[in-house]
Structures are given as C-alpha cells and as structure tokens.
Amino acid sequence: MDYHIGQKVSGHITGIKPYGAFVVLDDHVQGLIHISECKTGVVRALKNELKIGQKVVVTVLDIEQYNNKISLSLCQDDIMLKQGILKKSTNLRKHFWTNNVLNYGFEPIASLRDEWVTEALNRISK
C-alpha cells in the first residue's frame with residue numbers, strides 16, 4: 001500500500017451509508033469517510049452533503065496495519081485553518097500504536113524495571 005497518514009489523495013465516492021461514505025482511491029484500495037469527518041459542524045444526512053460518483057480530495061487519517069482499512073477526512077484542512085496550524089502533512093489525531101512488523105512503537109515496561117528498582121532502593125537508603 002502506497003499511502004501514508006497525512007497524505008492528500010483523490011478518489012470518488014462509491015457508496016453512502018448513515019455512518020459515512022466509501023471512497024475508492026485506486027483499483028484495489030477503498031477508504032471510509034466517517035460522518036464526523038465530512039465537514040466541520042453538524043451533518044444530519046450525508047446524502048445532502050455528498051453524491052455517489054463525486055470526486056473528492058481527502059486526507060488519510062489512519063491506516064489499520066492488519067486489515068488495511070483506511071480512515072479518510074474531508075474537513076481536516078478546515079479544522080487546521082481555524083486553529084491556525086495548517087502545515088504540510090500535519091495531522092491533528094494522535095496515533096499510539098505499536099508496529100510489530102517494523103519494530104517501533106512503545107517499549108515494554110519490563111525494560112525499565114531495573115532502573116526503577118535501583119531508584120527505589122536509592123530513595124529507601126537515604
């Protein structure tokens with residue numbers, strides 16, 4: 001998969017459900033724009049905001065590693081403009097996950113145990 005978080009991609013809407021809109025990005029990749037990411041403010045019905053076949057430019061919010069589901073946003077730029085932090089490839093969401101394939105992410109807490117024990121013993125002995 002050639003997509004990354006924060007990337008702007010174009011696609012077209014292939015389906016609309018009450019919870020979001022499905023977007024085809026290329027021949028093999030499809031993503032979902034959740035209703036909360038369609039526009040800033042309240043969206044009562046997606047059918048009033050988007051149409052099937054409509055071309056859209058979306059921001060990749062998240063890519064689930066194991067099932068390759070892609071979360072997309074239409075309003076990410078609007079949010080960043082309002083807050084005055086629009087930068088290239090900036091994403092407001094924080095992603096706290098561990099990638100077991102590339103071996104980066106959170107370290108196991110056990111790796112810090114020896115340091116904590118040493119600090120605790122030093123405090124007790126004082």
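The values are calculated or read from the model by the stated rules, or taken from the named source; none is laboratory data. Everything numeric in this text was worked out from a predicted model, so none of it was measured. Neighbour counts run over all protein chains shown; Cβ positions are idealised from the backbone, glycine included. For the accessible areas, the whole protein counts, side chains as well, though only heavy atoms, and no ligand, DNA or RNA atoms are used. Shrake-Rupley method; radii C 1.70, N 1.55, O 1.52, S 1.80 Å.
Okay, here's what the table says:
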read-out	value
Candidate residues Ser71, Ser10: accessible-area rank, largest first, probe 1.4 Å	Ser10, Ser71
Paramagnetic reach from Val43 (point 7 Å along Cα→Cβ, amide N under 18 Å) across the stretch 10-34	10-25, 30-34
Two-site label geometry, Ser111 and Gln54: point separation in nm, points 7 Å out along Cα→Cβ	4.6
Bins of 5 Å from zero: percent of alpha-carbon pairs in the stretch 24-70	5, 16, 29, 24, 16, 9, 2
